[in-house]
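**Q** Please read through the structure below; I'll follow up with questions.
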Amino acid sequence: MFNIDMEGIDLEKTFDLIVLGGGPTAIGCAIYAARFAMDVLVIGKTFGGLIATTHIVENYPAITSISGQGLMDMFKDHMDSLNIPYISDEIRTIDKIDDHFELHSFFQNFKAYSICIATGSERRKLGVSGEEEFAGRGVSYCATCDGPFYKDKVVCVIGGSDSAAKEALFLAQNTQKVYIIYRGKEIRAEPINKQRVYENDKIEIINNTNIVEIKGDNTVNSVIFDNGQEFEVDGVFIEIGSDPNSDLAKRIGVETNDKGEIIINRKSETSIPGIFAAGDVADAPFKQAITGVSEGVIAAYSAFDYVKEMNIEY
Ligand SMILES: Cc1cc2nc3c(=O)[nH]c(=O)nc-3n(C[C@H](O)[C@H](O)[C@H](O)COP(=O)(O)OP(=O)(O)OC[C@H]3O[C@@H](n4cnc5c(N)ncnc54)[C@H](O)[C@@H]3O)c2cc1C
C-alpha cells in the first residue's frame, strides 16, 4: 500500500524534527526546518494532501492560477531541492520516551526530538442511506477525480461552501446540468465564485433542502429530498466539510477542542512540549493552503527553538 523507499535514510538516528503529513502545511514546515539545518524527515500517508484534489487554485499568493496538483508539484520540487527525505507511510501511535518521541507505523519505528502534526482532515460523510452503497458508483467526494466520468450527465453537489461552489463550477464544464443542493438559505462561497455560479447557465441552486436518501440500481438514479420529493441525478458529489485527522494526537494526550481539532497557540505549540501542530488538523478558524503553510512555518521556528534549548550532543 505504501511506497516506503527508505534508501539512504538512517532510521536508527533520532531526527530533530519529524513532520507528519504530505500536504502544503507539512512541506512548508519541512522546507523551513531544512533551511534551519535541522535534521528533518517528512512522513505522509499520501503526498499532496487535500489541495491536490482541487482543479484550480487562484488564491495562493504569487501564483495567479494553477491546479492543486500543479501547486503541490512545485512544493515537491522545492522539497527535493533541499534534499528533504520523504517516506510514504501512516503513523499510528506516538510515545514519549525520555527526551524524545517514538513514532510507530505498521512497518517501522521512527525517533525524533520534536514532531509537527500536519495530518489535515478527512472529507465528512453525509450519513444517509445509499451513501456507502453507491460510493464509487455515483457517490463521490472529489469532483476533480471523478467529474470526467459524468460527461453530459446530470449531477448534484451537496453543500454550500466555497469548495462546493468550486466543485460545481468544475463539474459544469463537462456535464449537462449541475444542481447545488444546500441546507441553508444562501451558499457561502467567496463572492467571486458565488458570482461565477450565479452566471453559469448550467448550474442551479436548490436552497433550504437536505438529502435524506440516495437511490439507484447499479449506479445512482436519484436522491430523496427532506420534503419527500424524488429528484433524478446520475451523480452525487458530497462537499460538506471535513473532520480533523487528530486521533493520533489524542492518543498521546494532546489537547483538542470539541470539533476534535488540535488546540495550538501562536507558536503552533500544542499542550505537549515538543509536539507542534499546524494546518487543517489544528483549531485555527480559517483553513486554506496558505494559512496551513504559515502555521507550519511557525511550527518549524518553534521546533528549532525547542531542539536548540535541549543542547543535544550529536
Ligand atoms: C474542493 C476543495 C477546494 C479547495 N480549494 C482551495 C483553494 O483554492 N485554495 C486554498 O488555499 N485552499 C483550498 N482548499 C483547502 C486546502 O485544500 C486545505 O486547507 C489544505 O490542503 C490543508 O493542508 P494540510 O497540509 O493542513 O492538510 P491536507 O492537505 O489535508 O494534508 C494532510 C496530509 O496528512 C496525511 N496524513 C493524514 N494522517 C496521517 C498519518 N497518520 N500519518 C502520516 N500522514 C498522514 C494525509 O495523507 C495528507 O497528505 C480546498 C479544499 C477543498 C476540499
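The values are calculated or read from the model by the stated rules, or taken from the named source; none is laboratory data. Since the structure is predicted, the reported quantities are computational estimates derived from the model, not experimental observations. Here the Cβ positions follow ideal geometry from the backbone for every residue, glycine too, while neighbour counts run over all protein chains shown.
**Q** Within segment 74-129, count every residue that is in a helix (DSSP H, G or I) and among the hydroxyl-bearing types (S, T, Y).
**A** Summing the residues that are in a helix (DSSP H, G or I) and among the hydroxyl-bearing types (S, T, Y) in segment 74-129 gives 1.
**Q** So, in segment 162-173, exactly how many residues are crowded, with 19+ Cβ neighbours inside 10 Å and assigned to a loop (DSSP other than H, G, I, E, B)?
**A** Adding up the residues that qualify gives 0.
**Q** Identify, from the list K96, K76, the residue that is outside the structural domain of C142 (by TED's automatic domain parsing) and under 25 Å from S163 (Cβ atoms).
**A** After ruling out the rest, the residue left standing is K76.
**Q** Continuing with the same structure: Is one or more of the residues making up segment 83-105 within 30 Å of E213 (Cα to Cα), in contact with a helix residue (DSSP H, G or I) (Cβ under 6 Å, 6 or more places away or on another chain) and either within 16 Å of the ligand (Cβ to nearest atom) or free of Cβ contacts under 8 Å to residues at least 12 places away in the same chain (or both)?
**A** no
**Q** Residues that are within 16 Å of the ligand (Cβ to nearest atom), under 29 Å from F134 (Cβ atoms) and not acidic (D, E): which strands (runs of 3 or more DSSP E) entirely in segment 191-304 hold 3 or more of them?
**A** Those strands (runs of 3 or more DSSP E) span 235-238.
**Q** Of the residues I66, I43, only one is farther than 23 Å from E309 by Cβ, surrounded by 23 or more Cβ atoms within 10 Å (Cβ to Cβ) and within 15 Å of the ligand (Cβ to nearest atom); which?
**A** I43
**Q** Another question about this same structure. Among the residues of segment 34-60, which ones are hydroxyl-bearing (S, T, Y) and under 23 Å from I94 (Cα atoms)?
**A** Result: T46, single match.
**Q** Has segment 293-312 got at least one residue that is at pLDDT 95 or above, closer than 24 Å to R124 by Cα, in contact with an Asp or Glu (Cβ under 6 Å, 6 or more places away or on another chain) and of a type outside the set (K, R)?
**A** The answer is no, given that none of the residues of segment 293-312 is at pLDDT 95 or above, closer than 24 Å to R124 by Cα, in contact with an Asp or Glu (Cβ under 6 Å, 6 or more places away or on another chain) and of a type outside the set (K, R).
**Q** Would you confirm whether any residue within segment 22-36 is surrounded by 18 or more Cβ atoms within 10 Å (Cβ to Cβ), near the ligand (Cβ under 10 Å from one of its atoms) and assigned to a loop (DSSP other than H, G, I, E, B)?
**A** Within segment 22-36 (the criterion being surrounded by 18 or more Cβ atoms within 10 Å (Cβ to Cβ), near the ligand (Cβ under 10 Å from one of its atoms) and assigned to a loop (DSSP other than H, G, I, E, B)), the answer is yes, since at least one residue qualifies.
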